[in-house]
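Q: Quick one: structure below, then a few questions.
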Amino acid sequence: MIVEISRTGSITLTQASEFRSFKVVAAPGTDLDEALRAAGAGRTADGGHVAIETGWLLTAAGSLAEEPGWRSGYDAMISYAASKGWFTDDRISAHVEYHA
């Protein structure tokens, strides 16, 4: 699952059914905190990570979020993240990769 943030700050969810990987991909120079907060998608966190709102993920997944198979994969991803300490306050932590 990839949260993509463009240089202009638009945010999209791609690879929404890939539950074995979770990251944010952003254009260099993007103000991550501003973009995430403006979209209601999350905020920056410590250590160069971001905290993505689970409610935003479900909304961004659209009709996929209503499919039982998708939801079970999503729930397993959240459970795994929680077991590693990467999930708190309804936010999942993600590392950021910068790509032009």
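The values are calculated or read from the model by the stated rules, or taken from the named source; none is laboratory data. No experiment lies behind these values; they were computed from the predicted model shown. Cβ sites come from the backbone with ideal geometry, for glycine too, and all protein chains shown count toward neighbours. Side chains are part of the model used for accessible areas, which takes the heavy atoms of the whole protein and leaves out ligands, DNA and RNA. Shrake-Rupley method; radii C 1.70, N 1.55, O 1.52, S 1.80 Å.
Q: State all residues of the stretch 75-100 that are in a helix (DSSP H, G or I) and either charged (D, E, K, R) or within 19 Å of Ala39 (Cβ to Cβ) (or both); if no residue qualifies, say none.
A: Listed by number, the list holds a single entry, Asp75.
Q: A further question on this structure: Got at least one residue in the stretch 13-25 being among the basic types (Lys, Arg) and surrounded by 14 or more Cβ atoms within 10 Å (Cβ to Cβ)?
A: yes
Q: If I ask for residues that are assigned to a loop (DSSP other than H, G, I, E, B) and open to solvent by 70 Å² or more (accessible area, probe 1.4 Å), which ones from the stretch 26-50 would you list?
A: Gly29, Asp31
Q: Additional query: Since Tyr80 meets every condition but one in (1) closer than 24 Å to Thr8 by Cβ; (2) open to solvent by 50 Å² or more (accessible area, probe 1.4 Å), which condition does it not meet?
A: All conditions are met except number (1).
Q: On to the next question. Say we look at the stretch 51-74 and pick out the residues that are under 15 Å from Leu13 (Cα atoms) and outside any helix (DSSP H, G or I); which of these is nearest to the chain's Cα centre (by Cα)?
A: Ile52
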